[in-house]
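Below is one structure, written out as structure tokens; comments come after it.
The values are calculated or read from the model by the stated rules, or taken from the named source; none is laboratory data. None of the values given here were measured: they were computed from a predicted structure. So basically every Cβ, Gly included, is an ideal-geometry build from the backbone, and we count neighbours across all protein chains shown. Accessible surface areas use protein heavy atoms only, side chains included; no ligands, DNA or RNA. Shrake-Rupley method; radii C 1.70, N 1.55, O 1.52, S 1.80 Å.
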Amino acid sequence: RPHVQPGPADERLRGLSGRVLASNPDSIRGEFARMVQDDRFEGMSKEFVGNWLDFRRFENHNGVDRHRFPEFNDELRQAMFQEPVQYFMDVVRRNGKVSDLIDSDQVVVNRLLAEFYGVEELYNPAAEEWQRIRCEEKIGRGGFLSMGVFLTQNSPGLRTSPVKRGYWVVRKLLGEQIPAPPPNVPELPNSESDLGAMTLREALEKHREHPSCAGCHARFDSYGLLLEGFDPIGRPRTVDLGGRAISTAASLPDGTEENGIAGLRKYLSSQRGDDFRRHFCQSLVAYALGRSLVIADDLLVDEMLTELERNDDRIQTAFVVLLSSPQFQWKRGQESLHSEDSDAAK
């Protein structure tokens with residue numbers, strides 16, 4: 001990005017002709033694969049993923065009741081914040097699949113997160129700080145959906161929130177447009193211990209009886225209910241804070257019946273995978289161009305999707321198509337290319 005100062009790792013790139021590089025996708029592919037190995041790729045990843053998935057403010061998140069959850073300290077909060085950034089970097093650097101972002105049995109964790117997720121025996125303390133670990137099915141981790149940062153950020157302290165978690169899934173991962181909630185809608189209790197005889201699921205069903213709420217809630221609540229197997233700070237659970245057994249089954253908007261995080265991953269990958277890829281590409285284009293998308297950008301997004309299909313869904317393909325596009329090259333390289341033309345004319 002333009003605000004990053006060039007350093008030694010860019011000497012090779014600066015030595016290439018801008019015009020030759022711009023006209024050669026193979027050169028762009030090679031330079032991109034090289035440059036994502038640079039330490040500064042972390043800054044781009046943090047900015048892009050943080051804005052796309054809306055967790056930039058989590059470093060200062062204070063919505064957790066630390067008396068009830070003393071294990072949630074500043075160090076764990078920082079590790080949770082870093083996890084999606086490190087995971088995204090890993091997928092891009094090894095040229096994994098776009099689908100790995102939502103459907104995976106792997107995590108990228110540091111020592112603190114490995115302990116929190118219960119995979120410390122798989123973590124090698126003598127190796128690098130952030131490590132990719134293939135998890136057993138039983139811990140239900142892998143990809144963005146099961147990350148502590150998103151499960152915690154979308155929980156109001158002493159209870160989970162299928163509403164907030166489900167809204168995050170359909171809005172940030174699938175790109176659906178959801179109207180703002182109407183005013184004066186009754187609030188659910190702040191704590192699962194205050195629900196009385198009802199479960200949160202039952203309280204939510206009563207909440208949806210409000211006629212102005214039912215339509216929108218039908219679009220996303222079920223996604224959040226599939227995540228009820230995780231408590232307010234993202235730990236696996238079978239009972240809520242009031243001691244009531246929780247259910248992780250739900251009927252999704254198209255009538256599909258799924259259960260738990262595994263069912264959610266399967267559904268998003270098989271039934272909504274195209275929607276996720278499109279929204280990922282749209283978010284990447286908007287970030288790279290530094291503006292909202294216009295109708296003309298639809299062709300670029302379509303090209304990215306076509307090339308992903310042709311190239312086994314490999315994530316670097318989307319970047320190469322974007323970097324080769326007129327939209328990106330004329331925004332980023334117009335000044336240098338015109339300067340090159342002027343020098344040649346002289």
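To the nearest 10, the accessible area of Asp312 is 80 Å² with a 1.4 Å probe.
Let me check I've understood the local charge: for Ala250, count other residues with C-beta under 11 angstrom from its C-beta, Lys and Arg +1, Asp and Glu -1. What total comes out? Please report the intermediate quantities before stating the final value.
Numbers: positive: Arg201; negative: Asp221, Glu228, Glu257, Glu258.
Once all neighbours under 11 Å are counted, the net charge is -3.
The label point for Asp38 and the one for Lys266, both projected 7 Å from the Cα toward the Cβ, are 4.4 nm apart.
Using a/c under 1.5 as the rounded threshold, could you call region 39-142 rounded, prolate or oblate? The axes a ≥ b ≥ c are square roots of the C-alpha gyration tensor eigenvalues, and prolate needs a/b larger than b/c, oblate otherwise.
Values: a/c = 1.61, a/b = 1.13, b/c = 1.43.
Oblate, because a/c is 1.5 or more while a/b does not exceed b/c.
In the structure shown, do any of Lys97/Lys331; Lys97/Lys164; Lys97/Lys172 have a Cα-Cα gap over 25 Å, and if so which? Table pairs above 25 Å Cα-Cα are Lys97/Lys331; Lys97/Lys164.
Packing here is the average count of other Cβ atoms within 10 Å per residue, and on that basis the peptides 225-236, 244-255, 296-307, highest first, run 225-236, 296-307, 244-255. Approximating the spin labels as points 7 Å out from Cα along Cα→Cβ, the Asn311-to-Arg57 distance works out to 3.6 nm.
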